[in-house]
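Everything on this sheet refers to the single structure shown next.
The values are calculated or read from the model by the stated rules, or taken from the named source; none is laboratory data. Since we're looking at a predicted model, the values are computed, not measured. So basically every Cβ, Gly included, is an ideal-geometry build from the backbone, and we count neighbours across all protein chains shown. The area values use the complete protein model at the heavy-atom level, side chains included, leaving out ligands, DNA and RNA. Shrake-Rupley method; radii C 1.70, N 1.55, O 1.52, S 1.80 Å.
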Amino acid sequence: MMHVRDPRKSTVSANRRLWRHFWPKAVSARFGISLILFWIVLALLAPWISPYPPNAQDMAALADLGPSAAHWLGTDLLGRDILSRILWGARTTLVVVPVATASAFGVGTAIGLASGYFGGLVDRAISGLSDIILSFPTLVLYIVLIASIGPSLINIVIAITLASAPSIGRIVRGLTLELRSQGYVAAAEMRGESTLFTLFFEILPNARGPLLADLSMRAGLAVVTVGTLGFLGLGLPPPDPDWGSMVAENVTMIPVYPYMALFPGLAMCSLVIGFSMLADGLEEEQ
């Protein structure tokens, strides 16, 4: 009797293989992804799960700023619900961080591939410009850039891209120098493939392991950068919430009401830990 394979079982099996392929094996990476997804879900649901609008003031709560049934994490000095502002602040962070990290990696990868593959004058010009940018202390560079072009989401992305792209370019350059002598690169050149094809379809895919780990680490650094700029008053213009500005607004109240700065600080730390653990897990799997 002929055995007929159930197509539904084949589909389930294929989905499981696909899931195992993309889901990392390292425990640290899985924990990191879980933390990141936790904040992504909260940020997406913020308009529906936030107890109050982020800038709504509850004057009655000013009599007792501490956590209560009405305000689970308490309120700030203006009577604004801290939990609501943390949830809405997550939206800001999780928009800026991926865009800024992707932008920095796009620019850094392009200049690193060009520098490592072409060498000569191209390499010297790119390396010289990168050295100039990297000679500035990172925080000073951020402050100068944001102070010059003004605080906004777009300008924060531009600042992070300009400050981070040179160091990413150096990593990509080193990997390109290592891979350009491989046989598959020579084979692509002998076939008459274009330079862009060789760079993006032969060299770059074989450098993805170290680059994915660095990408995750850079995302964590971007979270810290966005928080630092917000703390220094160079983030979103008030009253829109972001975690760094929430800490700055309440830092003077730490001796009396420490939770006002503690809770947004913990939110920031947990997201950074998520990206760091993901980076560690990806390094383990290489």
- Spacing of the two label points (7 Å from each Cα toward its C-beta) at Ser270 and Ala147, in nm: 3.5
- Task: For the chain, set up a Gaussian network in which alpha carbons nearer than 10 Å are linked by springs, and say which option among Gly209, Gly116, Gly183 fluctuates the most.
- Result: Gly183
- Take the alpha-carbon centre of the range 157-196, take the same for the range 102-123, and report the distance between them in whole Å. 6
- Per the 1/(1 + (r/R0)^6) rule, R0 = 35 Å and r from the Cβ atoms of Trp72 and Phe31, FRET efficiency to 0.05 is 0.90
- Query: What part of the accessible area of the chain, given as a whole %, is carbon or sulfur when the probe is 1.4 angstrom?
  - Reply: 69
- Message: Restricting to Cα pairs below 8 Å that are 6+ residues apart, what does the relative contact order work out to for the chain? Please round to a whole percent.
- Response: 26
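If packing is taken as the mean number of other Cβ atoms within 10 Å per residue, what is the order of 73-86, 242-255, 193-206, 48-61, highest first?
The most tightly packed comes first, giving 73-86, 242-255, 193-206, 48-61.
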- Task: Please find the FRET efficiency linking Leu45 to Met190, where r is the Cβ-Cβ separation and R0 is fixed at 45 Å, and quote it to the nearest 0.05.
- Result: 0.25
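Per residue, how much accessible surface does the chain expose to a 1.4 Å probe? Answer in Å², no decimals. If you can, show how the numbers build up before the last one.
Details: 15440 Å² over 286 residues.
Result: 54 Å² of accessible area for each residue.
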- Under 5 Å, built H, 5+ apart or other chain: amide partners of Arg80: Asp58
- Helix by helix through the chain, keep the DSSP H runs that span 24 Å or more along the axis on Cα and average at least 0.0 on Kyte-Doolittle, and give those back in order. 27-49, 82-118, 153-179, 208-231, 259-284
- Query: Mind checking which of Met217, Met260, Met190 has the largest fluctuation in a GNM of the chain, springs on alpha carbons under 10 Å?
  - Reply: Met190
